[in-house]
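Here is the structure we will look at.
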Amino acid sequence: MTSDSLLSARGLVKQFGNFRAVDGIDVSIERGESFGFLGPNGAGKTSTMRMISAVSQPTAGEIRIFGLNPVSHGPEIRARLGVVPQEDTLELELSVMNNLLMFGRYFDIPRKVIRQRATELLEFAQLSDRADDKCDNLSGGMKRRLTIARSLLNQPELLILDEPTTGLDPQARHLLWDRLYRLKRDGVTLIITTHYMDEAEQLCDRLVVMDQGRIVAEGAPRALIEQYSTREVLELRFGAEGQEPYVDRISEYAERVEVLPDRLLLYVHDGDEVLRAVHATGATPESALVRRSSLEDVFLRLTGRTLVD
Amino acid sequence: MRIFPELHFGSRRSLRILERNVVIYRTQWLMLVSGFFEPLFYLLSLGIGLNHLVGSLSAGDRLVTYAMFVAPGMLATSAMNGAVIDALFNTFFKLKVAHTYDAVLATPLDVNDIALGEVWWALVRGSIYATSFLTCMIILGDAGSPWVLLCLPGAILTSFAFASVGLAACTWLRSWQDFDTVALIQLPIFLFSATFFPITLYPGWLQGLVRCSPLYQSAALLRGFSLGQIGPSSAVHIIYLVVMGLIGLVVASHRFRRILTP
């Protein structure tokens with residue numbers, strides 16, 4: 001375990017009865033890094049987040065956050081963390097500004113300082129004009145942005161975001177990504193869990209892919225894609241007659257074929273070239289799409305399953 | 001080493017929970033006002049109505065009006081209801097609906113701070129209501145002794161005992177439907193605690209049971225204060241309520257830990 005890491009965990013296990021939610025993971029996160037936990041629902045991401053945000057205790061293994069043990073130094077660690085939980089936990093009866101003023105008090109920040117920071121953070125979250133509105137009246141995207149503003153009140157050294165954009169529309173997601181990107185640029189260490197591969201590719205310098213409580217791969221998004229996938233992917237959909245008759249005939253053109261219930265994924269270097277070859281065999285796919293490989297393909301390769309069902 | 005994490009109740013941070021509740025209740029001031037008027041209405045209606053019907057009755061070594069007899073019982077009941085309702089409904093909401101505590105646990109506060117903070121709040125709320133009740137009681141002439149002032153700490157102790165147990169109980173509630181069960185427990189406690197008439201009017205076998213009721217303990221304590229009849233039994237009532245509150249607090253904290261930090 002390196003002592004200069006912002007966060008390090010070794011052999012981390014979380015057990016609920018007979019169910020092992022987290023099954024012995026090792027991670028090490030450096031200051032200034034933007035680190036992702038990618039995996040489907042139920043992979044153990046949230047259980048991991050609870051342990052590394054010094055809320056729940058590991059069943060086995062060891063964690064050090066800022067070099068401290070969360071089991072014995074929970075309050076000290078949490079004072080230096082920002083947490084954006086999966087579900088919004090705002091005080092809906094209070095105004096936007098009062099939500100921040102009250103939350104800052106939990107950190108024993110003087111009222112005057114909270115007010116000053118809150119004003120700046122509302123600017124950052126693009127909510128200044130909604131400061132006096134009741135929180136209940138905000139849209140989903142605004143609530144998320146307010147939650148992020150709230151998590152920054154104590155000027156955390158490490159910001160932990162659990163599924164930050166789940167349930168948001170594309171516009172709200174992009175606005176949120178933009179704000180997170182600014183934080184990253186300002187040197188805040190980010191830990192993000194997500195089951196969206198585009199989110200992980202956008203925001204994470206480095207990530208681990210989790211499946212069934214274990215880490216199945218680790219690296220930079222681009223490096224993982226290069227390591228586990230080809231440059232391009234050709235997606236073929238067949239009509240009423242189904243794809244089965246074509247699988248054998250087509251597979252010789254690809255490095256690897258994934259047969260999904262509704263489509264075939266051909267892992268190839270040059271998608272257009274392979275598509276021409278496919279047509280030459282007499283196969284008539286209803287639709288064909290050439291795209292670059294993504295983390296989704298890495299996950300499929302590693303686990304045999306898709307990320308978002 | 002923390003062998004008994006529940007026994008570490010030292011954090012000043014628990015006051016932040018009190019602060020939070022005060023801020024939230026400022027947006028619900030109507031509830032606070034209704035809390036002021038409720039006891040006044042009770043005392044007035046009892047004084048006007050039942051005083052004439054019932055006349056006087058003997059309490060200990062003296063003869064008192066019915067209003068003087070029943071007022072401390074009503075104070076105890078009001079302290080119980082206030083504490084239980086707030087501990088159950090509002091805590092259930094924060095614990096399982098709004099996930100307020102999950103947000104709090106992302107700050108330096110701990111589950112013990114949350115449980116303790118909710119108890120502070122129950123004490124503050126209870127003392128506001130008890131003060132208004134006692135003021136009405138004294139003005140209406142329903143206090144039988146200067147010792148009536150001890151009813152204030154007595155009512156606060158009652159709030160503590162019931163709020164702690166309420167906090168613990170709320171952790172076992174699964175949905176709003178379960179609140180019917182609460183009413184099923186609260187009603188017999190209300191009716192069989194010698195709040196409306198002396199315990200000697202119950203049949204012998206029931207008297208023993210009534211004495212076990214926490215509301216009886218509180219009502220008897222407050223009645224003793226109000227009528228100036230303070231004795232060794234007062235100490236027993238106090239010990240009962242203190243122990244009840246402490247057990248409730250430890251259980252509540254333990255349950256909060258299980259639910260909030262799985």
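The values are calculated or read from the model by the stated rules, or taken from the named source; none is laboratory data. All values reported here derive from a predicted model rather than from experimental measurement. Cβ sites come from the backbone with ideal geometry, for glycine too, and all protein chains shown count toward neighbours.
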For this session: Take the residues in the range B:2-54 that are of a type in the set (Lys, Arg) and loosely packed, with under 11 Cβ neighbours inside 10 Å, then tell me which one is modelled with the highest pLDDT.
Result: B:12
Exercise. Out of the range A:66-89, which residues are more than 7 Å from every other protein chain (Cβ to nearest Cβ), out of contact with any strand residue (DSSP E or B) (no Cβ under 6 Å at 6 or more places or on another chain) and either in a strand (DSSP E or B) or crowded, with 22+ Cβ neighbours inside 10 Å (or both)?
Worked result: A:68
For this session: Considering every residue within the range B:56-64, establish whether at least one is touching a Phe, Trp or Tyr at 6+ places or on another chain (Cβ under 8 Å) and either assigned to a helix (DSSP H, G or I) or within 30 Å of residue A:50 (Cα to Cα) (or both).
Result: no
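Rundown of residues vs (1) within 17 Å of the chain's Cα centre (by Cα); (2) surrounded by fewer than 22 Cβ atoms within 10 Å (Cβ to Cβ); (3) of a type in the set (A, V, I, L, M, F, W, C); (4) under 23 Å from residue A:167 (Cβ atoms), yes/no style:
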site: A:12; (1), (2), (3), (4): no, no, yes, no
site: A:15; (1), (2), (3), (4): no, yes, no, no
site: A:18; (1), (2), (3), (4): no, yes, no, no
site: A:23; (1), (2), (3), (4): no, yes, no, no
site: A:26; (1), (2), (3), (4): no, yes, no, no
site: A:40; (1), (2), (3), (4): yes, yes, no, yes
Seminar exercise, completed: Checking A:230, A:194 in turn, the sole residue that is among the β-branched types (Val, Ile, Thr), touching a residue at least 60 places away in the same chain (Cβ under 8 Å) and over 30 Å from residue A:65 (Cα atoms) turns out to be A:230
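Tell me, which helices (runs of 4 or more DSSP H) wholly within the range B:186-262 include 2 or more residues that are within 14 Å of chain A (Cβ to nearest Cβ) and surrounded by 13 or more Cβ atoms within 10 Å (Cβ to Cβ)?
Details: elements: B:204-212, B:214-226, B:232-260.
By residue number, B:232-260.
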Seminar exercise, completed: The condition from (1) touching a strand residue (DSSP E or B) at 6+ places or on another chain (Cβ under 7 Å); (2) under 17 Å from residue A:144 (Cβ atoms) that residue A:169 misses is numbered (1)
Seminar exercise, completed: Residue hits (the range A:15-29; assigned to a strand (DSSP E or B) and within 14 Å of another protein chain (Cβ to nearest Cβ)) are A:15, A:16, A:19, A:20, A:21, A:22
Problem set entry | Pick from the range A:90-119, criterion outside any helix (DSSP H, G or I), touching a residue at least 40 places away in the same chain (Cβ under 8 Å) and closer than 25 Å to residue A:7 by Cβ, ranking: nearest to the other protein chains (Cβ to nearest Cβ) | A:107
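Suppose we filter the range B:120-144 for residues that are part of a helix (DSSP H, G or I) and more than 13 Å from residue B:222 (Cβ to Cβ); how many remain?
Our first condition is that a residue be part of a helix (DSSP H, G or I); within the range B:120-144, this holds for B:120-139.
Narrowing further to those that are more than 13 Å from residue B:222 (Cβ to Cβ): B:120-125, B:127-129, B:131-132, B:135-136, B:138-139.
Residues flagged as part of a helix (DSSP H, G or I) and more than 13 Å from residue B:222 (Cβ to Cβ) within the range B:120-144 amount to 15.
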Exercise. Has the range A:121-134 got any residue that is of a type outside the set (Phe, Trp, Tyr), surrounded by fewer than 20 Cβ atoms within 10 Å (Cβ to Cβ) and either within 11 Å of another protein chain (Cβ to nearest Cβ) or under 22 Å from residue A:193 (Cα atoms) (or both)?
Worked result: yes
For this session: For the range A:236-250, state whether one or more residues are of a type in the set (A, V, I, L, M), surrounded by 17 or more Cβ atoms within 10 Å (Cβ to Cβ) and closer than 14 Å to residue A:285 by Cβ.
Result: yes
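Just checking, does the range B:200-213 include any residue being in contact with a Ser or Thr (Cβ under 7 Å, 6 or more places away or on another chain) and farther than 23 Å from residue B:41 by Cα?
There is at least one residue in the range B:200-213 that is in contact with a Ser or Thr (Cβ under 7 Å, 6 or more places away or on another chain) and farther than 23 Å from residue B:41 by Cα.
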Problem set entry | Answer residue from the range B:86-129, given it is of a type in the set (A, V, I, L, M, F, W, C) and either at the interface with chain A (Cβ under 7 Å from one of its Cβ atoms) or without any contact (Cβ under 8 Å) to a residue 12 or more places away in the chain (or both) and is surrounded by the fewest Cβ atoms within 10 Å (Cβ to Cβ) among those | B:97
Seminar exercise, completed: Of (1) farther than 13 Å from residue B:69 by Cβ; (2) touching a residue at least 60 places away in the same chain (Cβ under 8 Å); (3) among the small types (Gly, Ala, Ser), residue B:208 fails just (2)
Problem set entry | When residues of the range A:31-56 are limited to those that are among the β-branched types (Val, Ile, Thr) and in a helix (DSSP H, G or I), the one nearest to the other protein chains (Cβ to nearest Cβ) | A:46
Exercise. Could you list, in sequence order, the residues of the range B:130-167 that are touching a residue at least 24 places away in the same chain (Cβ under 8 Å) and of a type in the set (Ser, Thr, Tyr)?
Worked result: B:132, B:145, B:158, B:159, B:164
